[in-house]
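Participant: This is the structure I want to talk about, given as structure tokens.
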Amino acid sequence: MEINKVRYKLIFADGTEKLLELHLRVDNLVTVAWLPATPPDWAALDNHKCSHCPLSSAKHAYCPAALNLSKLVDECNDMDVLDTVKLVVKTADRAVVVSATVQKALGSFIGLLMASSDCPQSAFFRPLARFHLPLATEAETIYRAITSYAMAQFVRRQEGKDGEVSLDGLFEIYADLEIVNTALSKRLKTAGKDGAVAKSLMEWDVFSGMFPMRVEEVMNKMRPLFSAYLEK
């Protein structure tokens, strides 16, 4: 089994460090040796279960997304999200060194955890996780989401399925993700775990809700870059 390692190292002003290392299967981007041996009660599937969740507690006792977040909650929830850290991210492809707040650093790592969980609503983001871009800007995230979705429609057509030419399906994916983020936030709050991870997750919740509006603005700004395709 081939493994892709992603390492996030947060270096604080006083010299202390926090290392988060994620092992992902190359073939399907699912986490390896990351889930807790004893899942927390707040991660139970029926605890603030998403309204659109297709999973049954008879087969899935715990929410897959919550399980992937639980270790991060245990290790990082007491951090101050406003602290600035030197963030060093290493993947198989590159190393990235940036200055960021704890909230931005954890938010970027949460994106990986969500995509690599077995949550059926966040599995659509695995292509993005494969080409992970730490601390991506809003425009970068939107561009990557659209191009990934366009490739997904191409793959569907290759498999003999219908492929969309609009972004309606992508908007639905982000709307579904917003429901997941909201449910996770409720789980953490009721469990008294509304610290750094919950606050970092909040950014994803806001972004998911505003995604359709932000897409139009970003696409309008980028449209002139595609002029060569319109002239051919």
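Participant: Right, LEU82: under 25 Å from ASP176 (Cβ atoms), touching a residue at least 12 places away in the same chain (Cβ under 8 Å) and hydrophobic (A, V, I, L, M, F, W, C) or not?
Facilitator: Spelling it out, it is not the case that LEU82 is under 25 Å from ASP176 (Cβ atoms), touching a residue at least 12 places away in the same chain (Cβ under 8 Å) and hydrophobic (A, V, I, L, M, F, W, C).
Participant: So, one more: Here are some residues: LYS199, LYS189, LYS193. Which one is out of contact with any strand residue (DSSP E or B) (no Cβ under 7 Å at 6 or more places or on another chain) and not in a helix (DSSP H, G or I)?
Facilitator: LYS193
Participant: Here is a follow-up. For segment 28-78, which residues satisfy the criterion of being farther than 21 Å from GLY111 by Cβ and in contact with a Gly (Cβ under 8 Å, 6 or more places away or on another chain)?
Facilitator: ASP78
Participant: Next up: Hey, among the residues in segment 38-96 that are of a type in the set (S, T, N, Q) and in contact with a Leu (Cβ under 7 Å, 6 or more places away or on another chain), which one's modelled with the highest pLDDT?
Facilitator: Filtering first and then ranking leaves ASN68.
Participant: Further, regarding this structure: Residue pairs, Cβ under 9 Å, 6 or more apart or interchain, first in segment 45-64 and on the phi > 0 side of the Ramachandran plot, second part of a loop (DSSP other than H, G, I, E, B). List them.
Facilitator: Partner pairs satisfying both residue conditions: HIS48/CYS63.
Participant: Looking for something charged (D, E, K, R) and buried (at least 18 other Cβ atoms within 10 Å of the Cβ) - is there at least one such residue anywhere in segment 168-180?
Facilitator: Among the residues of segment 168-180, at least one is charged (D, E, K, R) and buried (at least 18 other Cβ atoms within 10 Å of the Cβ), which makes the answer yes.
Participant: Is it the case that some residue within segment 204-213 is of a type in the set (Gly, Ala, Ser), closer than 15 Å to VAL73 by Cα and outside any loop (DSSP other than H, G, I, E, B)?
Facilitator: Looking for residues that are of a type in the set (Gly, Ala, Ser), closer than 15 Å to VAL73 by Cα and outside any loop (DSSP other than H, G, I, E, B), one finds none in segment 204-213, hence no.
Participant: State which residue is farthest from the chain's Cα centre (by Cα) when the search covers only segment 171-201 and only residues that are free of Cβ contacts under 8 Å to residues at least 60 places away in the same chain and farther than 20 Å from SER51 by Cβ.
Facilitator: GLY192
Participant: Tell me which residues, restricted to segment 1-38, are without any contact (Cβ under 8 Å) to a residue 60 or more places away in the chain and more than 14 Å from LYS71 (Cα to Cα).
Facilitator: Within segment 1-38, MET1, GLU2, ILE3, ASP14, GLY15, THR16, GLU17, ARG25, VAL26, ASP27 qualify.
Participant: If only one of ALA228, ALA175, ALA129 is among the small types (Gly, Ala, Ser) and within 30 Å of ALA95 (Cα to Cα), which one is it?
Facilitator: ALA129
The values are calculated or read from the model by the stated rules, or taken from the named source; none is laboratory data. Only a predicted model underlies this, so the values are computations on that prediction, with no experimental measurement involved. Using ideal geometry, Cβ is built from the backbone for each residue, glycine included, and neighbour counts are taken over all protein chains shown.
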